[in-house]
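Presented below is the structure to which this report refers.
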Amino acid sequence: MSDQLFAQAIGMCAAVLLLSAVLLVWRRAQAAALPLMSLQGLALASLVAVLGIQAGSRELLELAALVLVFKAVGLPLVLVRSSQGEQGGAPLINTATSLIAMAGLTAVAYVVSAPLSALGSGPTVQAIPVGIALVLYGFLLLVTGRHAIVQLVGFLVIDNGTSAVAFLSSGGVPVIVELGVVLDVLLVILILYVLTGRIRDEFGATDLDDLTELHD
Amino acid sequence: MGVLLIAPLAACLLLGAGVVGLRRTWLNRYAGVLASAVVLVSGLAITTQVLGGATPTALDGLLRADALTAFMLSAVGAVGLTATWGGLAAPGSTSARAYAYPALIVAFLLAMSLAVLADNLGILWVAIEATTITTAFLVGHHRTRTALEAAWKYVILGSVGVAIALLGIVLLYAATVAAGGPTLSWVALMRPNLGLDPGMVKMAAGLTLLGFATKAGLAPMHSWLPDAHSQAPAEVSGLMSGVLLSVAFYGILRVQAVTDAVIGPGLMRGLLVAGGLLSVAEAGALILRQRDLKRMLAYSSIEHMGVIALAAAVGGPLAIGAALLHMLGHGLAKSSVFVVSGRILAVEGTTQIAGLRALMTRRPGLAVPLLAAMAALLGMPPFVLFFTEVAIVVAGFQRGMGWVLTVAVGLLLVAFIGLARHTGDMAFGAATVDEEPTGSVEPSDTVDRSWHGPRLPLFAALGVTAVVGFAAGPFADLLGQAARVLGGGQ
């Protein structure tokens, strides 16, 4: 792959990652979450594949397949199952405020990424702030979402952002750690899926405003 | 020698598989006790090796034990034994079918053992995240609305918090890649002149500290803790409060040692002082107006983690040694008092402080261990927490952080007053008729002397807490070596 094509491919993947996250925060509707999470997983898998092709690394290509299976297919399916029959809950802040907040968070992501220039100035390093921005968007979803499903999506976006930073900054953490992380995330999502079901059985909905019995 | 490192992990795996596969009543009942005992014995065996000058490794260096590992593994085993043995259900109440609970307890002990044995930041992260996974359903075990609420908050805050730590670890790894020697191993990261970029290490250190501090229950990231610790079954609360918080803090200590060597102690010290003081202050304020015994104990854990954070901020052999000893003493005392709270809940039907009165005259078998364990937690001499707190304050003054420790002592007094007053109310407070929970009113002349569970684990745990402050010889050597491991160069 020529350097120019590589830079374009990395830029394209990062752009799709960012776009899918922006749409997730903007749309909020449960029905939109599934295709958007799939798209984000696909973008992340493509990113890993591009890095693998550039480095000629078989290991990275295998990881790309793993990311594709888990993040573009598996986890979104769990998500759609746990959100069946749910109405999208109104978030704590309206769409306009969310978009302004996201613009601010994107700026923050670029500012805090300044120390990463120590890694060089290639196309991968220039894309790292996108991963950081994803993590911040995930927090925005977690803080403003009143619905169990929105918090689940927020957690997944944070994880995708962290993975993107890992692959862009170092070509991925050691494989044994990567596998452990994937397994942990999968189990956390399954636990949240089971808990969502129990919350619905117990409270009749997954509106987290009902979870207010414990306080001081 | 490496077999000693694999032994506790393999034993826990086998026990867990046995519980799920065999479905025997006796195994379900004793699995947690057996697993804790194996972890404790391995920890002590590794301790003797480490004191003999060896550094056992296993699995191509993925597992490695230095003095700090040996100490932490022994602490996991000792606190685990107190909680699981003391919390043994009455014979006949466990069934062969209820295998999920013991299997999760064993998996929880496995995850904590792996966290302290791993010589790799990434594996440490995976193990700490696994503690959240294994305890999620333990917290929600009672399946009430409040237990469900606590479990949800715990999983979301716990896993998101730890996800921040992963971002930090990823950046630290990227820094080592840029410096030409990709590694996440402690030993490699502690070598001098790695050439890591200070800006990246600073960012990585802040994020990792923030993430692990969430799991360690430091304010202001502690909001899951009182809910989870008050809703979980007593032995789970004892394990989480007594040793899980310390295992998460162990992660902070390791990262602090790595980053201090690159960027100096300033950043971590500032963050730890802020978190420590805030934890002690918030815990003190909320203990004073607490109405529930288990929530009060949860806030007391936040207070003690705050003290440990201040000790880590002070640094140096005296403060670090005291912090490690404080972890052990707090773990044993806190798991004992949670075990007693479980028995109180079983017998009295409530853990509301207002509903528990005159326990000393009505149920001395519950009141005596409660008072002894609370005295240990309050840091009364001869219990070890007295000596560790004094040592931390002295170390603070020696290293020019006197004002921080002066403020902390003032805040600790508030927590002390709150805990002492509530404990006094429960043990000696006059029973009033309207506060007596309905249905459990008994004739006043019957005195219940039963301990409502095994006595030995409580005797052993509190006995160790009482004498360990005076222990010298190999034990002091171990603490000194562990502090040196964190002080740079091993």
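Tabulated data for the structure shown
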{"item": "Kirkwood Rh and Cα Rg combined as Rg/Rh, the stretch A:88-148", "result": "1.10"}
{"item": "Exercise: per-residue mean of other protein chain Cβ atoms within 10 Å, B:199-211", "result": "2"}
{"item": "Taking chain B and dividing mean pair separation by its residue count, relative contact order in percent (alpha carbons under 8 Å, at least six apart)", "result": "17"}
{"item": "Peptides B:99-106, B:84-91, A:101-108 ordered by average Cβ neighbours within 10 Å, highest first", "result": "B:99-106, B:84-91, A:101-108"}
{"item": "20 Å-binned pair-distance histogram of chain B (Cα, whole percent)", "result": "25, 59, 15, 1"}
{"item": "For the stretch A:3-210: accessible area per residue (Å², 1.4 Å)", "result": "40"}
{"item": "Translational diffusion coefficient (Stokes-Einstein; Kirkwood radius from C-alpha pairs) of the stretch B:270-490 at 37 °C, 0.692 mPa s, in µm²/s", "result": "180"}
{"item": "Cα centroid of the stretch A:139-207 to Cα centroid of the stretch B:192-256, whole Å", "result": "19"}
{"item": "Listed residues A:144, A:97, A:162, most fluctuating in chain A (Gaussian network, C-alpha, under 10 Å)", "result": "A:97"}
{"item": "Residues in the stretch A:114-135 occluded by at least 40 Å² - accessible area, probe radius 1.4 Å, against chain by itself", "result": "A:115, A:116, A:118, A:119"}
{"item": "Threshold 10 Å², the stretch B:79-123 residues less accessible with all protein chains present than alone (1.4 Å probe)", "result": "B:120, B:122, B:123"}
{"item": "Spacing of the two label points (7 Å from each Cα toward its C-beta) at residue A:32 and residue B:48, in nm", "result": "6.6"}
{"item": "For A:203-212, mean number of other protein chain Cβ atoms within 10 Å", "result": "2"}
{"item": "Other protein chain Cβ atoms within 10 Å, averaged over every residue that makes up A:153-162", "result": "3"}
{"item": "Electrostatic dipole magnitude of the stretch B:120-264 [Cβ: Lys, Arg +1; Asp, Glu -1; Cα centre; debye, to 20]", "result": "40"}
{"item": "Cα-centred dipole magnitude for the protein assembly as shown, charges only on beta-carbon of K, R (+1) and D, E (-1), debye, nearest 20", "result": "460"}
{"item": "Accessible carbon and sulfur surface of the protein assembly as shown relative to its total accessible area, %, 1.4 Å", "result": "66"}
{"item": "Cα-based Rg of the protein assembly as shown normalised by 2.2 N^0.38 Å, two decimals", "result": "0.94"}
{"item": "Protein accessible surface hidden between A and B, which excludes ligands and nucleic acids, total in Å², probe 1.4 Å", "result": "4200"}
{"item": "Solvent-accessible heavy-atom area per residue, rounded to whole Å², over the stretch B:1-118 at 1.4 Å", "result": "38"}
{"item": "Farthest positive-ward along chain B dipole, Cα basis, beta-carbon charges - from B:124, B:470, B:417", "result": "B:124"}
{"item": "Residue B:477 versus residue B:20: modelled label distance in nm, points set 7 Å from Cα along the beta carbon direction", "result": "4.1"}
{"item": "Interface residues, the stretch B:274-316 - accessible area loss of 40 Å² or more versus chain alone, probe 1.4 Å", "result": "B:295"}
{"item": "Nearest-20 debye value, the stretch A:3-210 charge dipole, Cβ charges on Lys, Arg, Asp, Glu", "result": "280"}
{"item": "Relative contact order (%) - chain A, alpha-carbon pairs under 8 angstrom, separation at least six", "result": "21"}
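The values are calculated or read from the model by the stated rules, or taken from the named source; none is laboratory data. Just so it is clear, the structure is predicted and the values come from calculations on it, not from any experiment. Cβ sites come from the backbone with ideal geometry, for glycine too, and all protein chains shown count toward neighbours. With ligands, DNA and RNA removed, areas are computed over all heavy atoms of the protein, side chains included. Shrake-Rupley method; radii C 1.70, N 1.55, O 1.52, S 1.80 Å.
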